[in-house]
Amino acid sequence: MPAPLRFREDRMFTIVQLNDTQDGPRTDRRTTALQEAVLDDVLPDLVVLNGDVIDGRPTTPHEVAQALHNVARPMEERSIPWVLTFGNHDEDSAPMTGLHERDLLDLARILPHNLNAPDDPAITGTGNQMLPVRSADGTRDAFAVWLLDSGRYAPETILGRDGAAQGFAGYPGWDWLRPDQIRWYRESSVELEHRNGALVPGVVFQHIPLWEHRFAWFGSVDSRTDADHERAAARHRIEGERNEEESPGPLNSGMFAAMLERGDVRGLFVGHDHTNTYVADYYGVLLGYGPGTGFGAYGLEGEDEHRLRGARVLHLDEAVDGVLASTELRLASEYGIDLTPGVQPGEPAPLPEDLSAAVRAEPDRR
């Protein structure tokens, strides 16, 4: 097990966020090349695989392990601590393989540099966790990394107050954070504050965006014009691109209100919408996207398909108010990686023995 996270002697700490690697046992070779280039350039202290780590292509437990290992291997080879959250596609192969998110979490935790904790079945979702980062001098928790499972898809029906089933037709079909997850965040945040004698700043990583991402882009709840965005860009200091509509769930979870109430979260970063890269300062909380990292998943149209493949980098500095000093993108184009449209499947590396033994114990449920 890696040592607990801690700021470096220079009081700095760097996080790389990778989104939607989303592939099977033959992960596109350029996804691996991009990961390796970013890690060698940035030298992060932590990597977050922020949902849709794999997709529905695996057909056996062994292929699930291969797909997971493909995207974990660049960090493992460099001894970089890493964690994952779950998205809507990570269980797509479950009907064939029998492996669900909790099984994927168990497989990830076998790898030496993974920092995911055992799942708490009392909380909705899989892998909800808070990772403290100790100060450089080791005397306190200086930052918190929150990992939330934003779920998969909205249920087909929901009961109205009159007991009649009301469908979600016309609303976005994705999932949302549940009240018990938000309660867990609030209670854990209060406990962290009490333990340290002061509010501990942090960031949240989850896969599916909040409704507030869309509100921030337009500076409005109801109106979505170019003029609205122009006003919002100045008000919320927006940087980056929006090439597709945000895809939150049909219900507003209230997570943003909870973060404002606590006053500790400095940013909430998502994936899910592969061709959005923007970040907005929405009333003191950075709401940001990491670009799609995986070359095997959808991207832009035509010759621009892979133009925005990349990662988001977060720079933390203990000397800065709020600790989250800055964030920026690293794109595949900066590293000379081939952006030719289409896919270029690679060959999976041999599995570590512990991981191989774990999937040998799983029956082939094709």
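Every read-out reported here was derived from the displayed coordinates using simple, explicitly stated rules and does not represent laboratory data. This structure is a prediction, so every number in the text was calculated from the model and none was measured. With ideal geometry, Cβ positions are generated from the backbone for all residues, glycine too; neighbour counts draw on all protein chains shown.
When region 121-148 is examined, which residues are found to be in a loop (DSSP other than H, G, I, E, B), touching a residue at least 24 places away in the same chain (Cβ under 8 Å) and within 21 Å of Arg8 (Cβ to Cβ)?
Residues satisfying the conditions are Ser135, Ala136, Gly138, Arg140.
Suppose we filter region 297-325 for residues that are free of Cβ contacts under 8 Å to residues at least 12 places away in the same chain and not hydrophobic (A, V, I, L, M, F, W, C); how many remain?
Going through region 297-325 one residue at a time, the tally reaches 3.
Give region 240-262 a look and list any residue that's in a helix (DSSP H, G or I), buried (at least 16 other Cβ atoms within 10 Å of the Cβ) and out of contact with any helix residue (DSSP H, G or I) (no Cβ under 7 Å at 6 or more places or on another chain), or say none.
Met259, the sole residue that qualifies.
Sort out for me the helices (runs of 4 or more DSSP H) sitting completely within region 1-98 that have 1 or more residues that are surrounded by 24 or more Cβ atoms within 10 Å (Cβ to Cβ), among the hydrophobic types (A, V, I, L, M, F, W, C) and more than 15 Å from the chain's Cα centre (by Cα).
Result: 29-42, 61-77.
Quickly run through region 108-120 and pick out the residues that are part of a loop (DSSP other than H, G, I, E, B), surrounded by 18 or more Cβ atoms within 10 Å (Cβ to Cβ) and out of contact with any Pro (no Cβ under 6 Å at 6 or more places or on another chain).
Leu111, Asn116, Asp119
Counting only residues that are among the β-branched types (Val, Ile, Thr) and assigned to a loop (DSSP other than H, G, I, E, B), which one in region 185-228 is surrounded by the most Cβ atoms within 10 Å (Cβ to Cβ)? Step through it out loud before you land on a result.
Here is the first cut: in region 185-228, the ones among the β-branched types (Val, Ile, Thr) are 190, 200, 203-204, 208, 221, 225.
With the extra rule that they be assigned to a loop (DSSP other than H, G, I, E, B), the set shrinks to 200, 208, 221, 225.
Numbers: Val200: 20, Ile208: 29, Val221: 10, Thr225: 10.
Only one residue fits best here, namely Ile208.
Among the numbered criteria (1) buried (at least 17 other Cβ atoms within 10 Å of the Cβ); (2) closer than 22 Å to Tyr171 by Cβ, which one does Arg307 miss?
Going through the list (1) buried (at least 17 other Cβ atoms within 10 Å of the Cβ); (2) closer than 22 Å to Tyr171 by Cβ, Arg307 breaks only (2).
Which one of these does Ile182 not meet: (1) free of Cβ contacts under 8 Å to residues at least 60 places away in the same chain; (2) closer than 28 Å to Val320 by Cα; (3) in a helix (DSSP H, G or I)?
(1)
If Ala297 passes every condition in (1) crowded, with 19+ Cβ neighbours inside 10 Å; (2) part of a strand (DSSP E or B); (3) aliphatic (A, V, I, L, M) but one, which one does it miss?
(2)
So, in region 96-105, exactly how many residues are over 14 Å from Val53 (Cα atoms) and not aliphatic (A, V, I, L, M)?
So the count comes out to 2.
Looking at region 196-231 only, could you name the residues that are in contact with a strand residue (DSSP E or B) (Cβ under 7 Å, 6 or more places away or on another chain) and without any contact (Cβ under 8 Å) to a residue 60 or more places away in the chain?
Across region 196-231, the qualifying residue is only Asn196.
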